[in-house]
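This report concerns only the one structure given below.
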Amino acid sequence: MSPILGAASPPDALVRDFANDVRRDLALTPKQIQSKYLYDALGSCLFEAISRLPWYRITRAEGKLLGRCSQDVVASLADPLTLIELGCGSGEKVAMLAEALSRRRRPASVHLIDISPTALELSERTLGRFEHVSVVGHRATYEEGLRRVAGQRSGNGAVLVLFLGSNIGNFDPPAAHEFLSEIRGSLRPGDGLLLGADLVKPEPALLAAYDDPLGVTAAFNKNLLARMNRELAADFDLAAFAHRAVWNREHSRVEMHLVSRRAQQVTIPKADCTVRFDAEEFIWTENSYKYAPEQIVAMGVAAGFRARQQWIEPDARFALTLFVAE
Ligand code: TRP
């Protein structure tokens, strides 16, 4: 049965990891839950819906840029090219590069790395239409997947890692540096990294993107609570929590919170814990950092890359930067 429609429960080991992380991170101050847990089957569909909202412009802006620059991106990289997309979503973006290659009859392989089986399935379907492109999905974290694919590499073709959307913005600056360095460590000189990153813009536009008037983003965030109810037998009352997005100017990031509307206690049997919330206390679920264009270049350079080109979508204020491993 399709993981989108099916009621199949996740494997025991994954539920155990989720339970351990929840127990540890809800004991922190402020309480937290890692944002990777937003993307279960329902969460992936909700994010897919977010990417179509008029207020969330990142996905469309990036698509527009990719449409313009995909030939330039792949032009300088050696065949046979291996594309590795970290966090593939629906596969539409890597498909634009595959299209550029396929049009020139350049052979390529695509490796999709995502922890969400729904994302892998959608992406494999999206990429199925290209004749000269072989597609392999890896259900893994970015680090695991990258190591796996880099370890199997043979021949002289280049690798192009795609880290798109504003996924880099979900890391705090030290973690972003570490992650880009890890990507660099798995590459050879001449390989590429195409990095998507959202730019700083006026606060109302930032807040509308992360707290849309239709409530889809609220549903996406609250699905974390619903997921704990489903998988960990928790008893979160979804109506007793509110979604909140805050622009933290000092750190240049939008913070996503789930705010407890009243004092309450929640039990999470499969995580072996009971959690107390004060009124107004929140669970911190995600950061989304926003950058200046030159900060993005500096991040790549600090991790051992040279910036080859940067494309900026001026209306939504979003940047794609092509780095080459030195
Ligand atoms: N990586 C996306 C971003 O930061 C994820 C995202 C969009 C998100 N809307 C969200 C994460 C709302 C949590 C809550 O733009």
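With the checklist (1) within 27 Å of Ala41 (Cβ to Cβ); (2) open to solvent by 10 Å² or more (accessible area, probe 1.4 Å); (3) touching a residue at least 24 places away in the same chain (Cβ under 8 Å); (4) not hydrophobic (A, V, I, L, M, F, W, C) in hand, flag the one item Arg148 doesn't pass.
It is condition (3) that Arg148 fails.
Within region 145-167, how many residues are in a helix (DSSP H, G or I), touching a strand residue (DSSP E or B) at 6+ places or on another chain (Cβ under 6 Å) and within 14 Å of the ligand (Cβ to nearest atom)?
Looking only at that region, the number is 0.
On the basis of being of a type in the set (D, E, K, R) and within 16 Å of the ligand (Cβ to nearest atom), does Lys64 make the cut? It would help to see each step written out before you state the result.
On the way: of a type in the set (D, E, K, R): yes; within 16 Å of the ligand (Cβ to nearest atom): no.
Here the answer is no, as Lys64 does not meet what is asked.
Can you tell me how many residues in region 5-51 are among the β-branched types (Val, Ile, Thr), under 19 Å from the mean Cα position of the chain (by Cα) and assigned to a loop (DSSP other than H, G, I, E, B)?
Pass one, region 5-51, residues among the β-branched types (Val, Ile, Thr): 15, 22, 29, 33, 50.
Of the ones still in play, those that are also under 19 Å from the mean Cα position of the chain (by Cα) are 33, 50.
Keeping just the survivors that are assigned to a loop (DSSP other than H, G, I, E, B) gives 33.
Of the residues in that region, 1 qualify.
Counting only residues that are near the ligand (Cβ under 10 Å from one of its atoms) and among the hydroxyl-bearing types (Ser, Thr, Tyr), how many does region 179-226 have?
Matching residues across region 179-226 total 2.
Can you work out which of the residues in region 168-178 that are open to solvent by 30 Å² or more (accessible area, probe 1.4 Å) and in contact with a strand residue (DSSP E or B) (Cβ under 7 Å, 6 or more places away or on another chain) is farthest from the ligand (Cβ to nearest atom)? It would help to see each step written out before you state the result.
Taking region 168-178 and keeping what is open to solvent by 30 Å² or more (accessible area, probe 1.4 Å), we get 170-175, 177-178.
Subsequent filtering for residues that are in contact with a strand residue (DSSP E or B) (Cβ under 7 Å, 6 or more places away or on another chain) retains 170, 172.
Values: Asn170: 5, Asp172: 13 Å.
Per the criteria, the residue is Asp172.
Select from region 240-262 the residues that are of a type in the set (Lys, Arg) and within 13 Å of the ligand (Cβ to nearest atom) and write down the one among them that is farthest from Met228 (Cα to Cα). Don't jump to the end; show me each part of the working.
We begin by selecting, within region 240-262, every residue of a type in the set (Lys, Arg); these are 244, 249, 253, 261-262.
Filter once more, keeping what is within 13 Å of the ligand (Cβ to nearest atom): 244, 253.
Numbers: Arg244: 19, Arg253: 26 Å.
That would be Arg253.
Can you run down the residue pairs with Cβ atoms below 8 Å, 6 or more apart or on separate chains, where the first is in region 22-36 and within 16 Å of the ligand (Cβ to nearest atom) and the partner is modelled with pLDDT under 95 and open to solvent by 70 Å² or more (accessible area, probe 1.4 Å)?
Correct list of pairs: empty, since none qualify.
If I ask for residues that are farther than 26 Å from Gly43 by Cβ, open to solvent by less than 70 Å² (accessible area, probe 1.4 Å), away from the ligand (no atom under 16 Å from the Cβ) and assigned to a helix (DSSP H, G or I), which ones from region 271-298 would you list?
Correct list: Pro293, Val297, Ala298.
List pairs: first residue in region 167-183 and at negative phi and of a type in the set (Phe, Trp, Tyr), second residue within 14 Å of the ligand (Cβ to nearest atom) and open to solvent by 30 Å² or more (accessible area, probe 1.4 Å) anywhere in the structure, Cβ distance under 7 angstrom, at least six positions apart or on different chains.
Final answer for the pair search is Phe179/Phe171.
From the list Arg103, Arg125, which one is free of Cβ contacts under 8 Å to residues at least 40 places away in the same chain and farther than 25 Å from Tyr39 by Cα?
Working: Arg125 fails: farther than 25 Å from Tyr39 by Cα.
Result of the check over Arg103, Arg125: Arg103.
Looking at Leu77, Leu86, which is the one that is among the aliphatic types (A, V, I, L, M) and within 16 Å of the ligand (Cβ to nearest atom)? Give the steps one after another, and end with the answer.
Working: Leu77 fails: within 16 Å of the ligand (Cβ to nearest atom).
Being among the aliphatic types (A, V, I, L, M) and within 16 Å of the ligand (Cβ to nearest atom) holds for just one of Leu77, Leu86, which is Leu86.
In region 80-118, which residues are farther than 15 Å from Arg129 by Cβ, assigned to a helix (DSSP H, G or I) and either among the β-branched types (Val, Ile, Thr) or open to solvent by less than 20 Å² (accessible area, probe 1.4 Å) (or both)?
Answer for region 80-118, where residues must be farther than 15 Å from Arg129 by Cβ, assigned to a helix (DSSP H, G or I) and either among the β-branched types (Val, Ile, Thr) or open to solvent by less than 20 Å² (accessible area, probe 1.4 Å) (or both): just Thr118.
The values are calculated or read from the model by the stated rules, or taken from the named source; none is laboratory data. All figures in this text were calculated on a predicted structure; none of them were measured in a lab. Using ideal geometry, Cβ is built from the backbone for each residue, glycine included, and neighbour counts are taken over all protein chains shown. The area values use the complete protein model at the heavy-atom level, side chains included, leaving out ligands, DNA and RNA. Shrake-Rupley method; radii C 1.70, N 1.55, O 1.52, S 1.80 Å.
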